[in-house]
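S.K.: If you scroll down you'll find the structure; I have some questions about it.
The values are calculated or read from the model by the stated rules, or taken from the named source; none is laboratory data. Since this is a predicted model, take the numbers as computed values, not measurements. Cβ sites come from the backbone with ideal geometry, for glycine too, and all protein chains shown count toward neighbours.
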Amino acid sequence: MTPASHKVLQAAEIVMGAARHLSLLPKLDAELVTWPVPFADGIVQLLALRGKNVVALASGDPFWYGAGSVLARDLEPHEWQSIAGPATFSLAAAQMGWPLEDTLCLGLHAAPLSRLRPHLANGLRAIVLLRDGDAVAQLNAYLNTEGFDKSTLTVMEALGGPRQRVTQFDDISEPIQHPVCVALELNGDGSVLSYASGQSDALFAHDGQITKRPIRALTLSALAPKFGEHLWDLGAGSGSIAIEWLLSHPSVHATAVEAHPERAARVAQNSLALGVDRLQVVTGKSLEVLADLPAPNVVFVGGGLDQTLLDALWAIMPVGCRFVTNAVTLESETIVAQGHAAKGGELMRIEIANSKPLGSKRGWYSAYPIVQWSVTR
């Protein structure tokens, strides 16, 4: 700890922290309180101590995948200060000799391992925080399942403390102790996600209701995700549009609405498998759930567009909201054409043909044409 940390500890009336933290403290006059489980119970206990000189202990830098932001959100700025120590990521990078600016850092202690999926690629170096020793074996199994079975895992326990231990995963013979992080060097034959929109259709489980890759790429271009924006994907099908929206940047959010329960469940499964588990999936008809959804910045209608839905969306969308829809049927084309005439925007007809065998030669096989309308409210 820094001299500043020692100073506030000596002046504290109460010190709260995990048992492992309290056991490392020097002799203090303060009352020591073990942080309870679950973690949220300790926040209530901490807030009840307002007005007293209280120190809460957290590992390393509490504002980098730590408890700092959770504690600070219920306190006024003048009520707290943070005295940060070296973060686990910094200690691990120093242990490995890796440049931290070129190393992926993820907190997976309270998140699914599939959060790694968008990043998996040969040569990637990553430092990940895990909840406990069992999660290390689960991480290794996950990488094997995804085809990165030749990866190197360096397991680091209690970095910076007297219990510190650094071991290669294959050499571990004793139970792994918390707190733990793993330094990964990825290697294997697994599939790698593209950074561009238009991921392979094979990545999405579906029953035929999916926006195919070339149309999806054009649709994401029209949707044009920007920092912090929220998308409504109405008539989500497989969820491919919402999922690729989320893959574009970690700051964006999305709600997928699907009327068929089986498809809605499949959307959730696809989002989890591709590492964007933050997708909100709503089962229901679009018209019936619009009022309960968080306000959108962008709306996409992939299926089920009719005049009633268009009118309802136009009434509820905030000014500046972008709207994109792909029409396939003659009926929806008519609605789109009339909407374009009344509200403006851009109308584009998309026709795509793929080569297929034609006897001993090859010919073009045309997909159904798509009419795409994009407009800003």
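S.K.: Does Asn354 satisfy the criteria of being modelled with pLDDT of 95 or more, of a type in the set (S, T, N, Q), touching a strand residue (DSSP E or B) at 6+ places or on another chain (Cβ under 8 Å) and in a strand (DSSP E or B)? Give the steps one after another, and end with the answer.
M.R.: Values: modelled with pLDDT of 95 or more: no; of a type in the set (S, T, N, Q): yes; touching a strand residue (DSSP E or B) at 6+ places or on another chain (Cβ under 8 Å): yes; in a strand (DSSP E or B): yes.
When the stated conditions are applied, Asn354 does not pass them.
S.K.: Out of all the residues in the stretch 302-332, which are among the aliphatic types (A, V, I, L, M) and either without any contact (Cβ under 8 Å) to a residue 12 or more places away in the chain or under 11 Å from Leu290 (Cβ atoms) (or both)?
M.R.: Let us first name the residues in the stretch 302-332 that are among the aliphatic types (A, V, I, L, M), namely 305, 309-310, 312-313, 315-317, 319, 324, 327-328, 330.
Those that are among the aliphatic types (A, V, I, L, M) and either without any contact (Cβ under 8 Å) to a residue 12 or more places away in the chain or under 11 Å from Leu290 (Cβ atoms) (or both): Leu309, Ala312, Leu313, Ala315, Ile316, Met317, Leu330.
S.K.: I would also like to ask the following. Report yes if some residue within the stretch 267-287 is modelled with pLDDT under 95, among the hydrophobic types (A, V, I, L, M, F, W, C) and buried (at least 21 other Cβ atoms within 10 Å of the Cβ); otherwise report no.
M.R.: No.
S.K.: What is the number of the single condition among (1) touching a residue at least 12 places away in the same chain (Cβ under 8 Å); (2) within 26 Å of Arg117 (Cβ to Cβ) that Val299 does not meet?
M.R.: (2)
S.K.: In this structure, is Ala217 small (Gly, Ala, Ser) and assigned by TED's automatic domain parsing to the domain that holds Leu293? So that I can check it myself, show each step before the final result.
M.R.: On the way: small (Gly, Ala, Ser): yes; assigned by TED's automatic domain parsing to the domain that holds Leu293: yes.
So Ala217 passes the test.
S.K.: Same structure, new question: In the stretch 1-10, what residues are over 9 Å from Val55 (Cβ atoms) and in a helix (DSSP H, G or I)? Explain how you work it out, then say what you get.
M.R.: Quick first cut of the stretch 1-10, residues over 9 Å from Val55 (Cβ atoms) only: 1-4, 6-7, 10.
Once the filter is applied, which keeps residues that are over 9 Å from Val55 (Cβ atoms) and in a helix (DSSP H, G or I), the stretch 1-10 yields Pro3, Ala4, His6, Lys7, Gln10.
S.K.: Same structure again: For residues that are under 24 Å from Leu120 (Cα atoms) and of a type in the set (A, V, I, L, M, F, W, C), scanning just the stretch 151-171, find the one that is surrounded by the fewest Cβ atoms within 10 Å (Cβ to Cβ).
M.R.: Among them, the one singled out is Val166.
S.K.: Kindly evaluate Ala341 against the criterion of being out of contact with any Leu (no Cβ under 8 Å at 6 or more places or on another chain), exposed (fewer than 13 other Cβ atoms within 10 Å of the Cβ) and small (Gly, Ala, Ser). Spell out the reasoning first.
M.R.: Working: out of contact with any Leu (no Cβ under 8 Å at 6 or more places or on another chain): yes; exposed (fewer than 13 other Cβ atoms within 10 Å of the Cβ): yes; small (Gly, Ala, Ser): yes.
Yes, satisfied.
S.K.: List the number of the failed condition for Ala342; all other conditions in (1) within 28 Å of Leu293 (Cβ to Cβ); (2) part of a strand (DSSP E or B) hold.
M.R.: Evaluating Ala342 over (1) within 28 Å of Leu293 (Cβ to Cβ); (2) part of a strand (DSSP E or B) leaves (2) as the failure.
S.K.: So the check is Cβ under 8 Å with 6+ separation or different chains; which pairs have a first residue in the stretch 273-288 that's in the same structural domain as Ala254 (by TED's automatic domain parsing) and β-branched (Val, Ile, Thr) and a second one that's at pLDDT below 95 and not in a loop (DSSP other than H, G, I, E, B)?
M.R.: Correct list of pairs: Val282/Asp292.
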